[in-house]
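We did not get these values from a lab; they are worked out from the coordinates using the rules stated. These numbers were taken from a predicted model, which means no experiment stands behind them. Please note: Cβ atoms are built from the backbone with ideal geometry, for glycine as well, and neighbour counts cover all protein chains shown.
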Amino acid sequence: MPSSNRAAVIDRSVFKRVGQAVAEGALQHDRDATLDWRSWQLMADLGMWKIPVSVEHGGLGGTWIECVECLDVVARECRDLGFLITVLGHIGSLRLLCGYGTAQQIQRWVPRLLKGEIAVTAMTESSGGSDLSRMQMSAVRQEGGYRLNGRKKHITNAPVATMGMLAGRIPDLGLKKDITLFFMDLKVPGVSVGAKESNLGIRTSPTADLELSNVVVDEGNIIGAPGAGLGILYEIISFERALYGVIAAGLIDGMTDTALARSLERQAFGRQIAAYQYIQGRLTEMKMSSLICRNLTYVALEHLAEGDPETSILCSTAKYQGAEYLTKAAESLMQIHGHGGYSDPAVSKYLRDAAGMKIAGGTNDIQRVNIFNQMLKGGVRP
């Protein structure tokens, strides 16, 4: 990108401060099931959200890869999956607006996102979960726009968001081409937020249901065109799934440092436990899994940018392997600490959070379904 289109050189290292701040308060926010607003605002003040946004719209004119690289820095330090999941949902909304929004839509919502207001990407419903074809939220035409009704389930950021994308149907368009994306303010009549969920893990990323009752929207709330939502959704979903790999990698890096330090200080049978091959096996597996997850993310994003037909497989693989390796690393961390890890919230939190990564963003079983379906679309090779 020509330097004239950039507001500034992006210094990735400053986001280490964000990760360290998150780490300091992670256990307290986990106990309280609250978002770390101070660290969130610090990240906004340091310009995280400005990175991929054009200079014309108040950003730094960087790339999405550069934004992910800064997320990578935060993930290596923060030791809190919940905070990173909230970041992920916010990035999805920003990418949606910048990639598919009109100039008016970008001008209306992006400046608020850059300042730190939080957005949702609400797709999941009780009727279908990851099966978007069973979505029930509907938009009925009326004079001057539409009337939205429906309920979204388990929505990341819902208790703390002021705006976001809600996917629904416009029945008048016909069943096969009616899924439409509505970006809207949430502090309007007819929108209500359910009780904040008390989850096993990822507790620092508040989740709740969103219910819409006769909410009036107009054409200016539609991203893309009426009925064109599914194709846009698949691109946004693929992008978000790819990022799970780099999130997992950063967290595993933190766990590896902790596990290595423990193995060097802990003595068993007259030797450091690091001298035993079974401990070395766990430590080297953690290191290799971090490298695999991180590289999967960047390869997937490269293919996504190029429009490669196998992008969906790569993004689902990054999500799947990120969750699997994160869980294995958390188990190894606890085993290396023994009973001390089982009774230490700082260690056990990793395992609780890792269980949530296998569900968030489409379960690991759903990732396998997606990969298999994409294999069929590509044809069976001899």
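Using the Cβ-Cβ distance between Glu66 and Arg112 with R0 = 25 Å, the FRET efficiency computed as 1/(1 + (r/R0)^6) comes to roughly 0.70.
Residues of segment 1-40 with the amide nitrogen closer than 18 Å to a label point 7 Å from the Cα of Glu56, along Cα-to-Cβ, please. Taking a point 7 Å out along Cα→Cβ of Glu56, the residues of segment 1-40 whose backbone N falls under 18 Å are 1-8. Percent of C-alpha pairs per 10 Å bin in segment 66-160, short distances first: 14, 33, 39, 12, 3, 0. Each label was represented as a point 7 Å from its Cα along the Cα-to-Cβ direction; for Val193 and Gln104 these points are 2.8 nm apart. To the nearest ten degrees, helix 229-265 and the longest principal axis of the Cα atoms of the chain are 20 degrees apart. Where only DSSP H runs of four or more residues are counted, the chain gives -17500 deg cm²/dmol as its mean residue ellipticity at 222 nm, each run worth -39500 (n - 2.57). Only lysines eight or more places from Lys287 in sequence, or on another chain, were considered; those with a Cα closer than 26 Å are Lys16, Lys319, Lys328, Lys349, Lys358.
When peptides 357-363, 85-91, 139-145 are sorted by average Cβ neighbour count within 10 Å, with the highest value leading, the order is 85-91, 357-363, 139-145. Among Phe269, Phe372, the order by Cβ neighbours within 10 angstrom, fewest to most, reads Phe269, Phe372. Helix 64-78 axis versus longest C-alpha principal axis of the chain: approximately 40°, rounded to the nearest ten. Take every pair of alpha-carbon atoms less than 8 Å apart whose residues are at least six positions apart; their mean separation over the length of segment 155-307 yields a relative contact order of 21 percent. Averaging sequence separations of C-alpha pairs under 8 Å and six or more residues apart, then dividing by the length of segment 122-227, give the relative contact order as a whole percent. About 32 percent, as a whole number.
Each label point was placed 7 Å from the Cα along the Cα-to-Cβ direction; for Gln136 and Gln335 their separation is 4.4 nm. Pick out which of Glu69, Glu235, Glu265 has the largest mean-square fluctuation in a Gaussian network model of the chain, springs linking Cα atoms closer than 10 Å. Of Glu69, Glu235, Glu265, the most mobile in the Gaussian network model is Glu265.
Per-residue 3J(HN,Hα) values for segment 213-219, derived from phi via the Karplus relation 6.51 cos²θ - 1.76 cosθ + 1.60 with θ = phi - 60°, read 10, 6, 7, 8, 10, 10, 4 Hz in sequence order (x marks Gly and Pro). Compute the helix-to-body angle for 277-306: its Cα long axis versus the longest principal axis of the chain, expressed 0 to 90° and rounded to tens. Result, in degrees: 20. Please tell me the relative contact order of the chain in percent, rounded to the nearest whole number, where contacts are Cα pairs under 8 Å and at least six residues apart. About 15 percent, as a whole number. Between Arg203, Arg352, Arg79, find the one with the highest GNM mean-square fluctuation for the chain; connect C-alpha pairs within less than 10 Å. Among Arg203, Arg352, Arg79, the largest GNM mean-square fluctuation belongs to Arg352. Comparing mean-square fluctuations of His29, His339, His154 from a GNM of the chain with C-alpha springs under 10 Å, the top value falls on His339.
Working note: Karplus 6.51/-1.76/1.60 with θ = phi - 60° gives segment 330-341 the couplings 5, 5, 5, 4, 5, 5, 5, 7, x, 4, x, x Hz, where Gly and Pro are set to x.
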